[in-house]
Amino acid sequence: MQERMIGDVRVTRIEEMMGPGFPAAQFFPEFDAETFKAHEHWLAPRYYDPPSGKLVTSIHSWLVQTARHTILIDSCSGNHKPRPGMPRFDMLNSPWLDRLAAAGAQPEAVDFVMCTHLHVDHVGWNTRLDNGRWVPTFPNAQYLMSRTDHQHWQTVARDPEAPAFERNTYNDSVLPVVEKGMAVMVEDGHACDDCLTVRAADGHTPGHVRVDLASRERRAVFSGDALHNPVQVPLWRWNSAFCTDRDQARRTRQGILVHCAETGALLMPAHFCPPHAARIKAKGDAFELDWDWEGK
Ligand SMILES: [Zn+2]
(Lines give C-alpha, C1' and ligand atoms only; values in the text may rest on other atoms or scores of the structure.)
Protein backbone atom coordinates (compact mmCIF):
# COMPACT_ATOMS: atom_id res chain seq x y z
CA MET A 1 0.00 0.00 0.00
CA GLN A 2 1.38 3.39 -0.92
CA GLU A 3 -0.41 5.82 1.31
CA ARG A 4 0.48 9.07 2.92
CA MET A 5 -1.18 11.50 5.32
CA ILE A 6 -1.36 15.09 4.14
CA GLY A 7 -2.69 16.95 7.14
CA ASP A 8 -5.79 14.99 8.15
CA VAL A 9 -6.27 13.48 4.70
CA ARG A 10 -5.13 10.02 3.65
CA VAL A 11 -3.89 9.80 0.04
CA THR A 12 -3.25 6.40 -1.55
CA ARG A 13 -1.92 5.63 -5.00
CA ILE A 14 -3.95 3.01 -6.87
CA GLU A 15 -1.85 1.56 -9.69
CA GLU A 16 -3.24 0.30 -12.96
CA MET A 17 0.06 -0.35 -14.77
CA MET A 18 3.67 0.73 -14.90
CA GLY A 19 6.34 0.22 -17.57
CA PRO A 20 7.90 1.59 -20.75
CA GLY A 21 5.46 3.60 -22.83
CA PHE A 22 6.11 6.13 -25.57
CA PRO A 23 9.60 6.76 -27.05
CA ALA A 24 11.02 9.96 -25.53
CA ALA A 25 12.03 11.32 -28.92
CA GLN A 26 8.44 11.06 -30.14
CA PHE A 27 6.71 12.01 -26.91
CA PHE A 28 8.32 15.45 -26.52
CA PRO A 29 7.81 17.76 -29.52
CA GLU A 30 10.74 19.87 -28.24
CA PHE A 31 12.99 16.79 -27.81
CA ASP A 32 16.69 17.45 -28.20
CA ALA A 33 18.96 14.42 -27.82
CA GLU A 34 21.86 16.29 -26.25
CA THR A 35 19.68 18.09 -23.70
CA PHE A 36 17.92 14.85 -22.78
CA LYS A 37 21.21 12.94 -22.52
CA ALA A 38 22.38 15.34 -19.79
CA HIS A 39 19.52 14.08 -17.60
CA GLU A 40 19.77 10.38 -18.45
CA HIS A 41 22.00 9.58 -15.45
CA TRP A 42 19.15 10.23 -13.01
CA LEU A 43 16.25 9.31 -15.31
CA ALA A 44 17.46 5.77 -16.08
CA PRO A 45 16.24 3.20 -15.39
CA ARG A 46 13.34 4.36 -13.24
CA TYR A 47 11.90 7.06 -15.52
CA TYR A 48 13.58 6.21 -18.82
CA ASP A 49 14.53 2.91 -20.43
CA PRO A 50 17.72 3.48 -22.49
CA PRO A 51 17.61 0.17 -24.45
CA SER A 52 14.21 1.00 -25.93
CA GLY A 53 14.46 4.80 -25.77
CA LYS A 54 11.06 4.79 -24.06
CA LEU A 55 9.84 6.81 -21.11
CA VAL A 56 8.78 4.66 -18.16
CA THR A 57 5.29 5.58 -17.09
CA SER A 58 2.99 4.79 -14.21
CA ILE A 59 -0.75 4.96 -14.73
CA HIS A 60 -2.50 5.43 -11.42
CA SER A 61 -5.36 7.07 -9.57
CA TRP A 62 -5.15 8.97 -6.31
CA LEU A 63 -7.58 7.87 -3.62
CA VAL A 64 -8.28 10.73 -1.19
CA GLN A 65 -9.98 9.79 2.09
CA THR A 66 -11.13 12.65 4.32
CA ALA A 67 -13.11 12.55 7.56
CA ARG A 68 -16.31 12.86 5.53
CA HIS A 69 -15.69 11.66 2.00
CA THR A 70 -14.02 9.10 -0.23
CA ILE A 71 -12.74 10.79 -3.39
CA LEU A 72 -11.04 9.36 -6.45
CA ILE A 73 -8.85 11.61 -8.61
CA ASP A 74 -8.68 10.21 -12.17
CA SER A 75 -9.81 6.69 -12.97
CA CYS A 76 -7.11 5.20 -15.23
CA SER A 77 -8.00 3.23 -18.39
CA GLY A 78 -10.58 0.67 -17.28
CA ASN A 79 -11.20 -2.94 -18.30
CA HIS A 80 -12.62 -4.53 -21.46
CA LYS A 81 -12.58 -1.23 -23.42
CA PRO A 82 -11.90 -1.31 -27.17
CA ARG A 83 -9.19 1.28 -27.99
CA PRO A 84 -8.30 0.80 -31.68
CA GLY A 85 -4.77 2.01 -32.43
CA MET A 86 -3.93 2.30 -28.71
CA PRO A 87 -2.70 -1.18 -27.72
CA ARG A 88 -1.55 -0.07 -24.25
CA PHE A 89 -5.13 0.70 -23.30
CA ASP A 90 -7.00 -1.80 -25.46
CA MET A 91 -9.17 -4.48 -23.80
CA LEU A 92 -7.34 -4.38 -20.46
CA ASN A 93 -8.11 -6.81 -17.67
CA SER A 94 -6.32 -5.38 -14.63
CA PRO A 95 -7.01 -5.86 -10.89
CA TRP A 96 -7.33 -2.08 -10.36
CA LEU A 97 -10.74 -2.45 -8.67
CA ASP A 98 -9.30 -5.04 -6.24
CA ARG A 99 -6.46 -2.66 -5.42
CA LEU A 100 -8.96 0.10 -4.74
CA ALA A 101 -10.88 -2.21 -2.39
CA ALA A 102 -7.64 -3.22 -0.65
CA ALA A 103 -7.05 0.48 0.03
CA GLY A 104 -10.39 0.60 1.83
CA ALA A 105 -12.71 1.85 -0.89
CA GLN A 106 -15.46 -0.39 -2.23
CA PRO A 107 -17.14 1.16 -5.30
CA GLU A 108 -20.27 2.00 -3.28
CA ALA A 109 -18.17 4.07 -0.85
CA VAL A 110 -16.82 6.52 -3.42
CA ASP A 111 -18.55 9.90 -3.05
CA PHE A 112 -16.75 11.88 -5.77
CA VAL A 113 -14.77 11.01 -8.88
CA MET A 114 -12.74 14.01 -10.03
CA CYS A 115 -11.42 13.91 -13.61
CA THR A 116 -8.47 16.22 -14.32
CA HIS A 117 -9.34 15.78 -18.00
CA LEU A 118 -11.17 13.32 -20.21
CA HIS A 119 -8.30 11.44 -21.87
CA VAL A 120 -8.40 7.65 -22.28
CA ASP A 121 -6.17 6.93 -19.25
CA HIS A 122 -8.09 9.21 -16.85
CA VAL A 123 -11.74 8.21 -17.24
CA GLY A 124 -11.69 4.46 -17.93
CA TRP A 125 -12.91 3.21 -14.56
CA ASN A 126 -15.74 5.76 -14.58
CA THR A 127 -17.71 2.83 -15.99
CA ARG A 128 -17.60 -0.95 -16.04
CA LEU A 129 -19.17 -3.58 -18.27
CA ASP A 130 -22.39 -5.08 -16.89
CA ASN A 131 -24.32 -7.51 -19.09
CA GLY A 132 -22.98 -5.86 -22.23
CA ARG A 133 -23.75 -2.30 -21.07
CA TRP A 134 -21.46 0.38 -19.67
CA VAL A 135 -22.67 1.37 -16.22
CA PRO A 136 -21.16 3.76 -13.64
CA THR A 137 -18.59 1.86 -11.55
CA PHE A 138 -19.33 4.06 -8.53
CA PRO A 139 -23.12 4.02 -8.09
CA ASN A 140 -23.23 6.64 -5.32
CA ALA A 141 -20.69 9.07 -6.73
CA GLN A 142 -20.88 12.47 -8.32
CA TYR A 143 -18.48 12.64 -11.24
CA LEU A 144 -16.82 16.06 -11.37
CA MET A 145 -15.47 17.06 -14.77
CA SER A 146 -14.40 20.31 -16.37
CA ARG A 147 -17.24 21.94 -18.29
CA THR A 148 -14.82 23.10 -21.00
CA ASP A 149 -13.19 19.71 -21.37
CA HIS A 150 -16.55 17.98 -21.53
CA GLN A 151 -17.78 20.29 -24.27
CA HIS A 152 -14.61 19.61 -26.26
CA TRP A 153 -14.72 15.81 -26.02
CA GLN A 154 -18.47 15.69 -26.57
CA THR A 155 -17.86 17.46 -29.88
CA VAL A 156 -15.00 15.09 -30.75
CA ALA A 157 -17.22 12.07 -30.05
CA ARG A 158 -19.79 13.33 -32.56
CA ASP A 159 -17.19 13.75 -35.31
CA PRO A 160 -17.01 10.58 -37.44
CA GLU A 161 -13.56 11.69 -38.62
CA ALA A 162 -12.15 11.71 -35.05
CA PRO A 163 -9.96 8.77 -33.97
CA ALA A 164 -12.08 5.78 -32.89
CA PHE A 165 -10.33 5.46 -29.53
CA GLU A 166 -11.25 9.07 -28.67
CA ARG A 167 -14.89 8.58 -29.68
CA ASN A 168 -15.00 5.31 -27.75
CA THR A 169 -13.48 6.93 -24.66
CA TYR A 170 -16.24 9.53 -24.49
CA ASN A 171 -19.03 7.16 -25.43
CA ASP A 172 -18.18 4.30 -23.07
CA SER A 173 -16.57 6.15 -20.14
CA VAL A 174 -18.10 9.64 -19.97
CA LEU A 175 -21.51 9.59 -21.70
CA PRO A 176 -22.99 6.84 -19.45
CA VAL A 177 -22.46 8.92 -16.28
CA VAL A 178 -23.74 12.07 -18.01
CA GLU A 179 -26.89 10.25 -19.15
CA LYS A 180 -27.50 9.01 -15.59
CA GLY A 181 -27.33 12.59 -14.29
CA MET A 182 -24.26 11.75 -12.21
CA ALA A 183 -21.88 14.24 -13.88
CA VAL A 184 -21.27 17.66 -12.35
CA MET A 185 -19.68 20.19 -14.69
CA VAL A 186 -17.17 22.31 -12.78
CA GLU A 187 -15.08 25.41 -13.34
CA ASP A 188 -12.09 27.08 -11.72
CA GLY A 189 -12.62 27.51 -7.97
CA HIS A 190 -15.05 24.62 -7.47
CA ALA A 191 -14.66 23.24 -3.94
CA CYS A 192 -15.09 19.60 -2.96
CA ASP A 193 -15.21 18.50 0.70
CA ASP A 194 -13.51 21.31 2.66
CA CYS A 195 -10.00 20.48 1.51
CA LEU A 196 -10.04 20.20 -2.30
CA THR A 197 -10.28 22.97 -4.89
CA VAL A 198 -10.44 22.60 -8.67
CA ARG A 199 -8.09 24.99 -10.48
CA ALA A 200 -7.95 25.70 -14.21
CA ALA A 201 -4.79 24.15 -15.68
CA ASP A 202 -5.53 24.07 -19.39
CA GLY A 203 -3.21 23.47 -22.28
CA HIS A 204 -2.77 19.71 -22.18
CA THR A 205 -6.46 19.58 -23.10
CA PRO A 206 -8.78 22.59 -23.60
CA GLY A 207 -10.31 22.28 -20.12
CA HIS A 208 -7.67 20.36 -18.15
CA VAL A 209 -7.82 21.12 -14.41
CA ARG A 210 -5.64 20.43 -11.42
CA VAL A 211 -6.92 19.65 -7.93
CA ASP A 212 -5.35 21.43 -4.94
CA LEU A 213 -5.43 19.80 -1.50
CA ALA A 214 -5.01 21.76 1.73
CA SER A 215 -5.35 20.26 5.20
CA ARG A 216 -3.89 21.67 8.41
CA GLU A 217 -1.17 23.72 6.68
CA ARG A 218 -0.15 20.79 4.47
CA ARG A 219 -0.64 21.02 0.73
CA ALA A 220 -0.56 18.88 -2.40
CA VAL A 221 -1.37 19.43 -6.05
CA PHE A 222 -2.87 16.66 -8.16
CA SER A 223 -1.56 17.97 -11.44
CA GLY A 224 -3.04 15.43 -13.85
CA ASP A 225 -1.10 15.55 -17.11
CA ALA A 226 0.27 19.10 -16.85
CA LEU A 227 3.51 17.15 -16.77
CA HIS A 228 4.07 13.45 -17.49
CA ASN A 229 7.70 12.69 -16.69
CA PRO A 230 10.02 14.14 -14.01
CA VAL A 231 12.35 15.47 -16.70
CA GLN A 232 9.66 18.09 -17.35
CA VAL A 233 10.55 19.76 -14.03
CA PRO A 234 14.04 20.90 -15.07
CA LEU A 235 12.89 20.95 -18.72
CA TRP A 236 9.54 22.60 -17.96
CA ARG A 237 9.32 24.13 -21.43
CA TRP A 238 8.99 20.63 -22.95
CA ASN A 239 5.42 19.62 -23.76
CA SER A 240 3.96 16.23 -24.51
CA ALA A 241 2.86 15.35 -28.02
CA PHE A 242 -0.68 15.19 -26.61
CA CYS A 243 -0.79 18.80 -25.38
CA THR A 244 -3.36 20.58 -27.55
CA ASP A 245 -2.18 24.16 -26.84
CA ARG A 246 1.57 24.04 -26.34
CA ASP A 247 2.10 27.66 -25.27
CA GLN A 248 -0.69 27.44 -22.71
CA ALA A 249 0.48 24.00 -21.52
CA ARG A 250 3.92 25.48 -20.89
CA ARG A 251 2.47 28.44 -18.93
CA THR A 252 0.32 26.06 -16.88
CA ARG A 253 3.29 23.77 -16.11
CA GLN A 254 5.39 26.73 -15.01
CA GLY A 255 2.53 28.03 -12.86
CA ILE A 256 2.13 24.70 -11.07
CA LEU A 257 5.86 24.46 -10.39
CA VAL A 258 5.94 28.04 -9.04
CA HIS A 259 2.95 27.25 -6.82
CA CYS A 260 4.58 24.07 -5.47
CA ALA A 261 7.88 25.85 -4.82
CA GLU A 262 6.23 28.81 -3.08
CA THR A 263 3.76 26.89 -0.92
CA GLY A 264 5.67 23.65 -0.28
CA ALA A 265 2.85 21.69 -1.91
CA LEU A 266 3.68 18.11 -2.84
CA LEU A 267 3.45 17.61 -6.61
CA MET A 268 1.37 14.49 -7.29
CA PRO A 269 1.08 13.90 -11.06
CA ALA A 270 -0.82 11.06 -12.72
CA HIS A 271 2.15 9.31 -14.34
CA PHE A 272 5.34 9.69 -12.30
CA CYS A 273 7.10 6.42 -11.40
CA PRO A 274 8.31 5.81 -7.81
CA PRO A 275 8.19 7.62 -5.49
CA HIS A 276 5.37 9.11 -7.61
CA ALA A 277 5.41 12.52 -5.90
CA ALA A 278 7.98 15.23 -5.28
CA ARG A 279 8.51 18.64 -3.81
CA ILE A 280 9.80 21.43 -6.03
CA LYS A 281 12.59 23.93 -5.50
CA ALA A 282 12.86 27.07 -7.63
CA LYS A 283 16.03 28.91 -8.61
CA GLY A 284 15.19 31.88 -10.79
CA ASP A 285 13.09 30.48 -13.62
CA ALA A 286 14.61 27.00 -13.14
CA PHE A 287 13.11 24.19 -11.09
CA GLU A 288 14.55 21.17 -9.30
CA LEU A 289 12.94 18.02 -7.96
CA ASP A 290 13.14 17.28 -4.28
CA TRP A 291 11.88 13.71 -4.09
CA ASP A 292 9.50 13.02 -1.29
CA TRP A 293 8.47 9.76 0.43
CA GLU A 294 11.45 8.01 -1.19
CA GLY A 295 12.21 4.83 0.72
CA LYS A 296 9.37 5.35 3.18
ZN1 LIG B 1 -2.55 10.67 -18.80
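The values are calculated or read from the model by the stated rules, or taken from the named source; none is laboratory data. Remember, predicted model here, so these are calculated numbers, not experimental data. Here Cβ is always computed from backbone atoms with ideal geometry, including for glycine, and neighbour counts include all displayed protein chains. Just the protein is used for accessible areas: all its heavy atoms, side chains included, with ligands, DNA and RNA removed. Shrake-Rupley method; radii C 1.70, N 1.55, O 1.52, S 1.80 Å.
List of remarks:
- Taking a ≥ b ≥ c as the square roots of the Cα gyration tensor eigenvalues, region 148-235 comes out oblate, since a/c reaches at least 1.5 and a/b does not exceed b/c.
- For residue 48, nonlocal amide neighbours, meaning residues 5 or more places apart or on other chains whose placed amide H falls under 5 Å from its own, are 56.
- Cα-centre dipole for the chain with unit charges at Cβ (Lys and Arg positive, Asp and Glu negative), debye to 20: 260 debye
- Simple spin-label estimate for residue 91 and residue 237 in nanometres, 7 Å along Cα-Cβ: 4.5 nm
- Cα pair distances in region 204-296, grouped into 5 Å bins until the bin that holds the longest one, percent each: 3, 15, 27, 27, 18, 8, 2, 0
- Every helix of 4 or more DSSP H residues in the chain counts as -39500 (n - 2.57), and over all residues that averages to -6000 deg cm²/dmol at 222 nm.
- Residue 34 - accessible surface, heavy atoms, 1.4 Å probe, Å² rounded to 10: 150 Å²
- In straight-distance terms, cross-link reach from residue 180 covers every one of the lysines whose alpha-carbon lies under 26 Å from its own, apart from those fewer than eight places away in the same chain; here that gives 81.
- If you take the Cα centroid of region 102-137 and the Cα centroid of region 149-163, the two points sit 21 Å apart.
- Accessible-area composition of the chain, carbon plus sulfur, in percent [1.4 Å probe]: 47 percent
- For region 22-90: span of alpha carbons on each principal axis (Å, largest first): 49, 34, 21
- Low-density loop positions, trypsin sites (Lys or Arg not before Pro), region 1-85 - DSSP coil, at most 14 other Cβ in 10 Å: 46, 68
- Oblate is the label for region 180-231, because the ratio a/c of its alpha-carbon gyration tensor axes (a ≥ b ≥ c) is 1.5 or higher and a/b is not greater than b/c.
- Calculated FRET value between residue 108 and residue 25, using beta carbons and R₀ = 51 Å, to 0.05: 0.70
- Treating each Cα of region 1-158 as an identical point scatterer and summing with the Debye formula, the log10 of I(q)/I(0) at q = 0.16 Å⁻¹ comes to -1.02.
- Sequence-separation-based contact order of region 173-257, relative, with Cα cut under 8 Å and 6+ spacing, percent: 23 percent
- Local net charge near residue 25, Cβ-Cβ under 14 Å (Lys/Arg +1, Asp/Glu -1): -3
- Cα Rg, Dmax, the chain, angstrom units: 17.9, 56
- When all alpha carbon pairs of region 91-142 are counted in 5 Å bins from zero, the resulting P(r) reads 5, 17, 26, 32, 18, 2 %.
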